[in-house]
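This report concerns only the one structure given below.
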Amino acid sequence: MRTPLSEHLQGQVHEDKLISTQDGLKKFYIESYGCQMNFSDSEIVASILKQADFSPTKAMDEADLILINTCSIREKAEETVRKRLRVFGKTKENNPGALIGVLGCMAERLKTKLLEEEKLVDIVVGPDAYRDLPTLIGNASDGERGVNVFLSREETYADISPVRLDSNGVTAFISIMRGCDNMCSFCVVPFTRGRERSRDPFTIVAEASDLFERGYREVTLLGQNVDSYKWANENTDEKVTFATLLRMVAGVHPLLRVRFSTSHPKDITDDVLYAMKEYDNICNYIHLPVQSGNSRILKLMNRTYDRNWYQAKVNRIYELVPGCAISSDIIAGFCSETDLEHQDTLSMIEWARYSMSYMFMYSERPGTLAAKKYEDDVDISVKKRRLQEIINLQNQVSFEHNQRDIGCLCEVLIEGDSKRSEQHFRGRNSQNKMVVFKKQAGLKPGEYVTVRIEDCTSATLLGSIESSP
Ligand code: SAH
Ligand code: SF4
Ligand code: F3S
């Protein structure tokens, strides 16, 4: 029920809005780096800023507020941010009134140090403090540089409806949890994102339903470790696991595809695999990062599984969800890794038949367990060589994976024009593979088509439409 006070406040807010509309809305520009969580957070930031009468712009030089949502996962990611800040500095020379804000993981890691090191930065805001942005911006306009890097145990931004930035109108990401309670020894995320917490499932389902109503046809449920999602209703003791959540979101509509990322091998349960079997609209694709194929290295990495255990998990996935594609993250040259141990990673790529992998050279991150306990002793030239071997092998394995699809029919959700040709559409199949095929009159993004696969590269399937809706 609305109280007279809230009536009054609403009137006021409305009046304020009228004034600022007459002045012209202030504009913000945002660049995002790092993982999907960060891109998803930028959409939450956009929503908070919209409430504060800012509208997004793609032109940095016309912005009143320039934001960069940063990543700290590897040293290179932070170097990229520093370079972009130099570019922002140049823009600010022509537009001295513009404010510059650093958001995300690097803001959280470096805190006030960022203000000391980067004189042009006005505000530094960590991933759990975005609600404070309007206040920090207000203070910065008055010349007071500010930092809020408070990490919360509760914040999930559950009530905020993200403003979709750079959207294709077909696929969207939904954050279902924040933070990470694992302590993989190489990883900075637990320090930059804080403790793990799960979002109220009913707000997740509501967001998915709303997206479906607006024409979206695919949602990806996001978290650093989605399989450890857990939520309990304080009043009724009702519990929701990740498998239950998957079923709830899949139940929104059979035409809404559901994906999820990332699955830590130690937490994915049979119940999740059964949910994938039960619902045709839960995609047959699991991102299951192995990191290394060698048990000694996995122990040093604190991944809590060894090679055999991981292989048993992969077998179980292929057994319960035949045709499921599995992809991975792999780190080359972790502390003390020998050439023989590196061979175990190579053999794992072949054994697991990954459809694709994200592959990295180990980069020591300050403050992590590995930085404290182990020496970063694999020479850079060795790391580079091992990474190249991993990439070469994965490309070959991906190519073979794709070749096995030639002659098959698959259902593809059209996402838009192919990057190379306006005569072709691109979309993904259930296994998350990119499929490119010639357009047919009347078809548009957001529709499903059945495509016969005729050819492939290591990254893309090529085919032609067999039937459309
Ligand atoms: N939560 C996800 C991964 C998040 S980070 C998971 O557990 O799988 C994404 C990937 O970056 C990791 O899987 C890892 O392969 C890589 N990564 C993380 N820290 C790294 C580091 N210090 N050096 C190199 N790669 C790293
Ligand atoms: Fe990092 Fe491990 Fe957490 Fe993934 S599960 S975010 S790799 S600590
Ligand atoms: Fe990077 Fe933070 Fe994601 S460190 S990978 S943006 S959680």
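The values are calculated or read from the model by the stated rules, or taken from the named source; none is laboratory data. Quantities reported herein were computed from a predicted structural model and do not represent experimental measurements. When we count neighbours, we look across all protein chains shown, and the Cβ atoms used for this are built from the backbone with ideal geometry, even at glycine. Accessible surface is based on the protein model in full, side chains and every heavy atom, while ligands, DNA and RNA are left aside. Shrake-Rupley method; radii C 1.70, N 1.55, O 1.52, S 1.80 Å.
Points worth noting:
- Selection from Tyr279, Gln403, Ile268, by position along the positive dipole direction of the chain (Cβ): Gln403
- Shape of the stretch 213-275, Cα gyration tensor, a/c cut at 1.5: oblate
- Over 28 Å [Cα-Cα, the stretch 171-395], rounded percent: 35
- Using the Cβ of Arg259 as centre and a radius below 12 Å, the other residues enclosed give a net charge of +2, where K and R count +1 and D and E count -1.
- Gyration tensor over alpha-carbon atoms, the stretch 353-461, equivalent ellipsoid semi-axes in Å: 39, 16, 12
- Projected-area mean, the stretch 26-148, by convex hull of Cα positions, square nanometres: 6.5
- Modelled spin labels at Asn95 and Glu389, positioned 7 Å past Cα toward Cβ, are 4.9 nm from each other.
- Three-way shape label, the stretch 88-135, alpha-carbon gyration tensor, a/c 1.5: oblate
- Amide H contacts for Cys456 (H built 1.01 Å from N in the peptide plane; partners 5 or more residues away or on another chain; cut-off under 5 Å): Leu462.
- Accessible area (Å², per residue) of the stretch 318-359, counting only protein heavy atoms and a probe of 1.4 Å: 35
- Residue separation of Leu340 and Glu144 scaled by 0.36 nm, minus their Cα-Cα distance, works out to 65.0 nm of gained length.
- In sequence order, calculated HN-Hα J values of the stretch 34-40 (Karplus, 6.51, -1.76, 1.60; Hz; x Gly/Pro): x, 7, 4, 4, 5, 5, 5
- Among residues other than Ser418 with Cβ under 13 Å from its Cβ, the summed charge is +3 (Lys and Arg +1, Asp and Glu -1).
- If you model the stretch 409-467 as an ellipsoid using its alpha carbon gyration tensor, with each semi-axis the square root of five times an eigenvalue, the axes come out at 15, 12, 11 Å, biggest first.
- Using the rule -39500 (n - 2.57) for each DSSP H run of four or more residues, divided by the residues of the chain, the 222 nm mean residue ellipticity is -11500 deg cm²/dmol.
- Sites His424 and Ser161, calculated FRET efficiency, Cβ-Cβ separation with R0 22 Å, nearest 0.05: 0.05
- Convex hull of alpha carbon positions in the stretch 227-317: directionally averaged projected area 6.8 nm².
- Taking packing as the residue-averaged number of other Cβ atoms within 10 angstrom, the listed peptides 387-395, 415-423, 400-408 run from highest to lowest as 387-395, 400-408, 415-423.
- For the chain, Cys35, Cys71, Cys105, Cys180, Cys283, Cys324, Cys335, Cys408, Cys410, Cys456 stand unpaired, since no other cysteine beta carbon lies under 4.7 Å from theirs.
- Per-residue 3J(HN,Hα) values for the stretch 76-93, derived from phi via the Karplus relation 6.51 cos²θ - 1.76 cosθ + 1.60 with θ = phi - 60°, read 4, 4, 6, 4, 4, 4, 4, 5, 5, 4, 4, 5, 4, x, 4, 4, 5, 4 Hz in sequence order (x marks Gly and Pro).
- In order along the stretch 398-404, the Karplus-derived 3J(HN,Hα) couplings, from 6.51 cos²θ - 1.76 cosθ + 1.60 at θ = phi - 60°, round to 5, 4, 5, 4, 5, 4, 5 Hz, and Gly and Pro are given as x.
- Base-10 log of normalised Debye intensity for the chain (one unit scatterer per alpha-carbon) at q = 0.11, 0.12, 0.13, 0.14 Å⁻¹: -1.02, -1.20, -1.38, -1.52
- Charge context of Thr57, other residues only, Cβ under 15 angstrom, K/R +1, D/E -1: -2
- Taking GluC sites (Glu not before Pro) across the stretch 195-262, the ones in a DSSP loop with at most 15 further Cβ atoms lying within 10 angstrom of their Cβ are Glu234, Glu238.
- The stretch 39-79: trypsin sites (Lys or Arg not before Pro) falling in loop per DSSP and having at most 14 other Cβ within 10 Å: Lys58
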